[in-house]
Every structure is written in structure tokens, then in C-alpha cells.
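Presented below is the structure to which this report refers.
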């Protein structure tokens, strides 16, 4: 009976899904599978990969002092601060813009979204000048001008300032596609729901957002949460762009991505870098599963 059911089952792929499946396989499934395979090997790019079992994962958890003392705490701190705060800012800004007329809303949405598209340029042109380590850096100039300090502060080389600056810059560029998805979700909420809610006793805009807006746009909220999770856990370029070095000074801004790049591109330890990549993937999947449970929970 079971064989007959399988025999009648159509295993063919719909033509309209074929491009997506092909792209997903080429850019996601195959690279992940290769990284997983290489994570069980010693591979230095020059010689053939040599199978070493779980040695790379044992090294991550027990022998990599930089990972345990700096990389993992930095990644978790950065993600737990930038992720939730950036996510809340996305919703608040999207909700505020949704109250405006169409033209100013479009202009302001573009202004908020554009930094996420020009991160590398803004890093070199704006933030490295703002936190410049000489008297011409904007922050140093102001502090020196009003006699708050006697000599310029090396903001981008001092370990105590690097992570706070990374967090500040990341929040500034956090209005990405998740922000646009939330704005679209808010604009597409059925207005009749608000009218019915006010008839039933809804009193203010806060209740409107809690009881109508957010429940009506759970898919967009989930998409924004997943994008925020992926962005914060996979951030690394900001630390290197700000400090101009990998590793960052005293590993103060060293995150998982920079640690992976350090071992892969500078030390040519591709097997170990693959193991670190798998660990990062598992962290992202774990937090994404929590987000799915929160936003896709059945009423």
C-alpha cells in the first residue's frame, strides 16, 4: 500500500520553482555542505584536505583562547545590544513614518535606508573622521576646544572605545530591508480593524500598535527579526573598517566573522575556519528558531 502511494506521488519540481531551487543550491546549500565537510579536516589550501574528525571543534571549545576570551563574548555582547535595540528602532521608525503623508514618508524612508547601502563609504568618509585620533577628528576637536581633554584620544585604537563605537555605528546603519518590510507591513494593515477596535474600546495609539498593528504584521516582524539576527551575528567588517586592522587592537572588536577571516585568509587554516563557520551558523539557527517560535506561535 505504501509503495503504491509513493509510486503515484509526483516528485517533479514545478518549473516556476526551478530557478529558486537552483540559486539556493548554488549559493547556500552547496557552500554550507562544503564548509561542513571541510570542518572535519585539516586544510591549508596548498595540500589536500586531511580528515581529522572532531579535532577542529575540540580546538574551538578548549584550545582557542582568543575565541573564548574575546571573540565569543564580543559577538554575544554586540548581538544582544545591537539586535534588540536596532529591531525596536526599526519598528518605531517604520510606525512613525507610516503616520506621515506619502511624499515625506518616501523621502525619510530613503534617508533612513541609504546608510545600510553605503556602509563602506560612510565608514571611510564619516565615522573615521568623526572619531579620528588627532586634533582634526570631530570628537577630539570639540573636547579639546572646550578643554575637556589635554591631548587627542585614540578612539579607534583604544580597546575601551572600540566596541561602543561599533555598536553606535551599527545602530546607525541598522535600518535595512527589515525596516522596509516593517514599513510595508504597517501600511498594509486593514484600516477597518482600527475602526472596529476603537468602537470596541481602544483608547490610544499605544494600544493600537500592541493589539492591532503588531499582530497583523507577524510575517514582516519575523522577517525583520531574522534579518537583524543574521546581520548582528555576521557583522565583522565594521570593526575592521573602523580600526583598519584584523585582528582589531587587543581583540576589542573581534567578532566571529573577523576571527573566521583571520584563520581563513591570513593563516590559511581553512579547515578550522570552516569549523568556526559551522559554529556561527548553529548560533544563528538557534536564535532564529527562538524568533520563529515567538512570531509564529499559534493563537
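Only the coordinates and a few stated rules stand behind these numbers; no lab work does. Remember, it's a predicted structure, so these values are computed and weren't measured experimentally. For neighbour counting, all protein chains shown are included, and Cβ atoms are generated from backbone atoms with ideal geometry for every residue, glycine included.
List of remarks:
- Sorted from greatest to least, the principal axis extents spanned by the alpha carbons of the chain come out as 72, 62, 32 Å.
- Candidates 161, 27, 179, ranked by Gaussian network fluctuation over the chain, Cα under 10 Å, top entry: 27
- The peptide list 86-99, 142-155, put in order of mean Cβ contacts within 10 Å with the highest first, becomes 86-99, 142-155.
- Peptides 49-58, 196-205, 67-76 ranked from most to least packed give 67-76, 49-58, 196-205, packing being the mean of other C-beta atoms within 10 angstrom over each peptide's residues.
- In angstrom, the C-alpha Rg and Dmax of the range 183-250 are 19.7, 60.
- Across the range 176-228, C-alpha contacts under 8 Å between residues 6 or more apart give a mean separation that, scaled by the residue count, equals a relative contact order of 63 percent.
- Mean separation of Cα pairs under 8 Å and 6 or more residues apart, divided by the residue count, gives the chain a relative contact order of 28 percent.
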